[in-house]
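The values are calculated or read from the model by the stated rules, or taken from the named source; none is laboratory data. Note that this is a predicted model, so its numbers are computed, not measured. So basically every Cβ, Gly included, is an ideal-geometry build from the backbone, and we count neighbours across all protein chains shown.
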Amino acid sequence: MITLHDLPPPTGPLAGGALFLDRDGTLNFDLHYVSDPAGIELIPGVAGALRAARALGLRLFLHTNQSGIARGLFQLADVDRCNARLEELLGLPRPVFDAVCVAPEGPDDPQVYRKPSPRFIRECVARHQLAPERCWMVGDRESDLESGRLAGIGTAAVCTGKHDAAAWRQLLPAGTPVWPSLTELVAALAAGAARPDA
């Protein structure tokens, strides 16, 4: 399910770009099949990082796999309530995200939007005429990064969920950037945008 918001394009040095963000393990702590909004707890620094990303001119997209729906553990309405709680905790102007994609498929179902499918990213890039070289898929799992790679945008691994830095280094090609959290990634993007040659 995709929810679109007709937000005006942000301005800044990275305008025309975007962050595609996983939810559990990237923005909030991953409690495994969380269905109660009370279980949404922000990872420290996330709100400030998203605020800074907007100031850089980046659009924000939320892309979350929620196979608990296919498994019968909860309903789409439960995911929507958790997403609403996430936005409430962020304390940023709402809606926070230009679009939200909830992929309800299970691992054995035909894949439509479930990561590593690049479909959501490709559709957003086309809809908003984004510059792929200024877009990144951010997540804590291999499927997050694979969706970005297949869509032809940058990828950013964070260590706030499934993998720590040591585990990521075993999984990713040498030299692939790994970030402690979203905060450090956005700070690096800001530093790069501030360079005279950026």
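Selection of first residues in the stretch 29-58 that are within 20 Å of Cys82 (Cα to Cα) and of second residues that are in a strand (DSSP E or B), restricted to Cβ pairs under 6 Å at least 6 apart or on distinct chains, gives the following pairs, ordered by first then second residue: Asp30/Asp24; Ile40/Asn28; Glu41/Asn28; Leu42/Asn28. Take the conditions on the phi < 0 side of the Ramachandran plot, touching a residue at least 24 places away in the same chain (Cβ under 8 Å) and not hydroxyl-bearing (Ser, Thr, Tyr) and apply them to Asp109. Does it pass? When the stated conditions are applied, Asp109 passes them.
Considering (1) more than 26 Å from Val34 (Cα to Cα); (2) of a type in the set (Gly, Ala, Ser); (3) modelled with pLDDT of 95 or more, the lone condition that Ser147 does not fulfil carries the number (1). Criterion first (hydroxyl-bearing (Ser, Thr, Tyr), under 26 Å from Ala151 (Cα atoms) and surrounded by fewer than 18 Cβ atoms within 10 Å (Cβ to Cβ)) does Thr3 satisfy it? Spelling it out, Thr3 is indeed hydroxyl-bearing (Ser, Thr, Tyr), under 26 Å from Ala151 (Cα atoms) and surrounded by fewer than 18 Cβ atoms within 10 Å (Cβ to Cβ).
Taken as a whole, the structure leaves Leu58 outside the set of residues that are of a type outside the set (Ser, Thr, Tyr) and under 16 Å from Asp30 (Cα atoms). Looking across the stretch 1-44, the residues that are farther than 18 Å from Phe61 by Cα and among the small types (Gly, Ala, Ser) come down to Ser35, Ala38, Gly39. When residues in the stretch 100-133 are screened for being touching a Phe, Trp or Tyr at 6+ places or on another chain (Cβ under 9 Å), under 19 Å from Thr155 (Cβ atoms) and of a type in the set (A, V, I, L, M, F, W, C), 5 of them pass.
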